[in-house]
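Report on the structure given below.
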Amino acid sequence: MEGLERIVLGHPFFAGLGPEFGAAISGCARNLRFAAGEYLFREDEPANEFYLIRHGTVALELHAPGQPVIVIATLREGDILDAAWLVPPYRWTFDARAAELVRVLGVNARCLRDKCEADHDLGYELMKRFVGAMGERLRATRLQVLDVYGTPRS
Amino acid sequence: MTPGHEAREVPAGWWVPQPLRVSRVRRETADVATLDLAPVSPFAFAAGQFNMLYVFGLGEVAISISGDPAKKDRIVHTVRALGAVSGALARLRRDAVVGVRGPYGSCWPVAEAEGSDVVLIAGGLGLAPLRPAIYGVLARRQSYGRVVLLYGARGPSDILYRRELETWRRRLDVDIEVTVDHAGADWHGNVGVVPGLIPRIPFDPHHAVALICGPEIMMRFTIAALRDRGLASEQIYLSMERNMKCAVGLCGRCQFGPAFVCLDGPVFRFDRIAPVFGIREI
């Protein structure tokens, strides 16, 4: 098994994925590293790649004019960044900053989208995994928005 | 009174608070203070129990004991200013006097958990009722398997017992994860919710006990995540919060389904309250 394919199939996000799909995804992938403080991407940039975090911590940030940066989540080894590559308009909706040295597998979005169009089994497999991951994020975000540790409302 | 509670004896003199002096005050966060009270004789309690604290002229409120059960020369309470009484408690200064009666209620299964992995999970002020259990586990660290502490707070400035958390974190035999709901770029810790940490933490679900204390909704999602990891309801304990008044099962204010939180709780094994835990009207 080629190195990238092994990395793809060994990532928790792709646990249990068939080897044929692993080969297809790894054909679009490359290894990347980001130094602490470097941005993987910024809000509104084209989502040309999605990332599987292999090592390190990534802070997802939102900026508001005149206000300090807000970190809305931190992602770590085994997490993914994100689903913006999968659906139009293919643009990131937040900044992603390497909080420490980060190693990721970057998967070319157009390459993988084309493969998903050509092989709907691959597309469906990916969609199930991304919907699951996005559902988890949504549930976590709801809890954050609830402000459960704040002063109870009477 | 609910069935099963008729035969219980109410301790004599239960309504009489003992006046105790505040020996030390620590400001934990903007609205949270920790009070050390000086008992007139050694004060014994079990981790998870609570006292009723009386601010003279204002009223009484149930507050968990947050100190070390091994230190019987002080009674420690961490109080958040929420209402008139708790607000007055949180503003107390050294040498003030408060009325105390207790301890009351059930306790964390600190001794029963020996031999198992222990997962301690707290949210917000929920770290206070859990802290005596942490002291107990760490005091007999060799008797337990893996020890994991997860703590969630609103933001970095809301983290309770920060120095103590940092001290515990330096230990090589405890896994500690602190997460906040949101933070600025100067926060280098985790941002996210407590249940999101559970899939990653190291413990053996077949030989583990989880102790949880925090807002009920946080505990609900945390229990779901623990059960996804394979923990049974019998292995999960949680501390419930209800409006307790008499603390001895007379007034019924803290009734939680068939149980009184003051008598049968505040610490419950989850399987014993699971049927009523998710009912919105309770």
Among what's in region A:57-79 and is out of contact with any Gly (no Cβ under 7 Å at 6 or more places or on another chain) and farther than 16 Å from B:G192 by Cα, pick the residue that is farthest from the other protein chains (Cβ to nearest Cβ).
A:P65
Just checking, how many residues over region B:48-67 are among the β-branched types (V, I, T) and within 22 Å of B:Y135 (Cβ to Cβ)?
2
Across (1) surrounded by 19 or more Cβ atoms within 10 Å (Cβ to Cβ); (2) away from chain B (no Cβ under 14 Å); (3) not in a helix (DSSP H, G or I), A:V148 clears everything bar (2)
Tell me which residues, restricted to region B:257-282, are buried (at least 19 other Cβ atoms within 10 Å of the Cβ) and more than 21 Å from B:A232 (Cβ to Cβ).
B:F260, B:V261, B:C262, B:L263, B:P266
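Can you say whether B:R154 is more than 30 Å from A:P68 (Cα to Cα), basic (K, R) and not assigned by TED's automatic domain parsing to the domain that holds B:Q49, as far as the supplied structure shows? Walk me through it before giving the result.
Values: more than 30 Å from A:P68 (Cα to Cα): no; basic (K, R): yes; not assigned by TED's automatic domain parsing to the domain that holds B:Q49: yes.
So B:R154 does not fit the description; no.
Quick test for you: out of A:R97, A:R76, pick the one residue that is surrounded by fewer than 20 Cβ atoms within 10 Å (Cβ to Cβ) and of a type in the set (K, R). I'd like the intermediate steps shown before the answer.
Values: A:R97 fails: surrounded by fewer than 20 Cβ atoms within 10 Å (Cβ to Cβ).
Within the list A:R97, A:R76, the selection yields A:R76.
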Within region B:234-263, the count of residues that are under 14 Å from B:G278 (Cβ atoms) and more than 19 Å from the chain's Cα centre (by Cα) comes to 1
Within the set of pairs 6+ apart or on separate chains, which have a first residue in region B:123-142 that is away from chain A (no Cβ under 14 Å) and without any contact (Cβ under 8 Å) to a residue 40 or more places away in the chain, a second that is assigned to a helix (DSSP H, G or I) and crowded, with 24+ Cβ neighbours inside 10 Å, and C-beta atoms under 6 Å apart?
none
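Suppose we filter A:G10, A:G22 for residues that are surrounded by fewer than 17 Cβ atoms within 10 Å (Cβ to Cβ) and either out of contact with any Lys or Arg (no Cβ under 7 Å at 6 or more places or on another chain) or closer than 18 Å to A:G123 by Cβ (or both); which single one remains? So that I can check it myself, show each step before the final result.
Details: A:G22 fails: surrounded by fewer than 17 Cβ atoms within 10 Å (Cβ to Cβ).
Of the residues listed, the single one that is surrounded by fewer than 17 Cβ atoms within 10 Å (Cβ to Cβ) and either out of contact with any Lys or Arg (no Cβ under 7 Å at 6 or more places or on another chain) or closer than 18 Å to A:G123 by Cβ (or both) is A:G10.
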Subset tally (residues that are touching a residue at least 12 places away in the same chain (Cβ under 8 Å) and within 14 Å of chain B (Cβ to nearest Cβ)) for region A:113-140
4
Could you go through region B:244-252 and let me know if any residue there is outside the structural domain of B:V85 (by TED's automatic domain parsing), without any contact (Cβ under 8 Å) to a residue 12 or more places away in the chain and not in a loop (DSSP other than H, G, I, E, B).
no
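Can we say B:Y161 is over 30 Å from A:G66 (Cβ atoms), among the aromatic types (F, W, Y) and more than 14 Å from every other protein chain (Cβ to nearest Cβ)? Walk me through how you get there before you give the answer.
Values: over 30 Å from A:G66 (Cβ atoms): yes; among the aromatic types (F, W, Y): yes; more than 14 Å from every other protein chain (Cβ to nearest Cβ): yes.
Against the criterion (over 30 Å from A:G66 (Cβ atoms), among the aromatic types (F, W, Y) and more than 14 Å from every other protein chain (Cβ to nearest Cβ)), B:Y161 qualifies.
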Which ones in region B:176-217 are outside any loop (DSSP other than H, G, I, E, B), within 14 Å of another protein chain (Cβ to nearest Cβ) and not aliphatic (A, V, I, L, M)?
B:E177, B:T179, B:N190, B:P195, B:G196, B:P199, B:R200, B:C213, B:E216
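The values are calculated or read from the model by the stated rules, or taken from the named source; none is laboratory data. Bear in mind the structure is a predicted one, so any value in this text is a computation, not a measurement. As a convention, Cβ positions derive from the backbone with ideal geometry for all residues, glycine included, and neighbour counts pool all protein chains shown.
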